[in-house]
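Chemist: If you scroll down you'll find the structure; I have some questions about it.
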Amino acid sequence: MTTRAYARVLNPQVSLEFVCCVGFSALMLYLARSGKYLSYVTPRMEPYLYFTAVVMLLWAGVNAFRLFRPQNRLRFAHCLVPAIPILLLLLPHSPLSAADLSYNYAGGNAFVGGAAQVQTASGDMGAQTPAVSQDPDLVPGVSADVPALIEVENDAFYAWLNELYVNLDTYVGCRISVTGFVFKDPAVLGADEFVPARLGMTCCVADLIPYGFVCKYDKAGELESDTWVRVEGIVRKGEYEGLAEPQIEVISVEPAESVEGYIYPFAY
């Protein structure tokens, strides 16, 4: 009696499906754990990344039992579904600038009422209540609780933006210092106006919008768009599309280092 030995041969279709599932799961875990996903979506999407990673691992486990199962007709096209986003996410990406956007300045009260807690692309959380300068000299004519200089830290950019919109009358006349890239929009801003802006993401990278304070500056035309500056000035009550908004009467403009990442007005 003879015995016939059958070689166990890997099924190429199932093998490719297995590799794609494991690779996609590993990529989701990497993006979530490293915080790099914040370059594409907001912090509230993090749980969905972990969920996707688990589902893909489970699917890979199912495929593992089929790795040596013979199959007469092989199909590979469906493997492009996870393979394409893997390749796209692995390619080097440069940060977007205002020049890459199709949206205008988010003025008026467009961003008031969101969570005061803000997360930056580095993963650091800004305080729910914006910190203020401890300068003991108070501004004449305003509340004794208001400091002479409001220093808008990078991680508290939106927190201060929201605070000044909600309590504008409290801060009118205060000195303020803020960093952002020069944003100009001829459709809504005058020749003597610009915004030291930060890009804000409400859902994903496709909806990035410049956020910031309109600055009144007689030399605004000399500023180059997308360059980073540190602006110091006085808070004034202005108007945008019929709504009151905080604006800055510029005292000085100085070059500044660029700030990486976006702000997330409605992070959770």
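Each value in this text was obtained by applying a stated rule to the coordinates, not by laboratory testing. Since the model is a prediction, treat every value here as computed from it, not as a measurement. All Cβ positions, glycine included, derive from the backbone under ideal geometry; neighbour counts span all protein chains shown.
Chemist: Can you tell me which residue in the stretch 210-238 is surrounded by the most Cβ atoms within 10 Å (Cβ to Cβ), limited to those that are under 18 Å from F157 (Cα atoms) and in contact with a Leu (Cβ under 8 Å, 6 or more places away or on another chain)?
Modeler: Filtering the stretch 210-238 for residues that are under 18 Å from F157 (Cα atoms) and in contact with a Leu (Cβ under 8 Å, 6 or more places away or on another chain), the one surrounded by the most Cβ atoms within 10 Å (Cβ to Cβ) comes out as G212.
Chemist: What number of residues within the stretch 11-35 satisfy the criterion of being more than 25 Å from the chain's Cα centre (by Cα), touching a residue at least 24 places away in the same chain (Cβ under 8 Å), assigned to a helix (DSSP H, G or I) and surrounded by fewer than 20 Cβ atoms within 10 Å (Cβ to Cβ)?
Modeler: Residues flagged as more than 25 Å from the chain's Cα centre (by Cα), touching a residue at least 24 places away in the same chain (Cβ under 8 Å), assigned to a helix (DSSP H, G or I) and surrounded by fewer than 20 Cβ atoms within 10 Å (Cβ to Cβ) within the stretch 11-35 amount to 7.
Chemist: Would you tally the residues in the stretch 243-259 being part of a strand (DSSP E or B), exposed (fewer than 13 other Cβ atoms within 10 Å of the Cβ) and not polar (S, T, N, Q)?
Modeler: The qualifying residues number 2.
Chemist: I'd like the residue in the stretch 38-79 that is in a helix (DSSP H, G or I) and β-branched (V, I, T) and, out of all such residues, is nearest to C204 (Cα to Cα).
Modeler: Result: T52.
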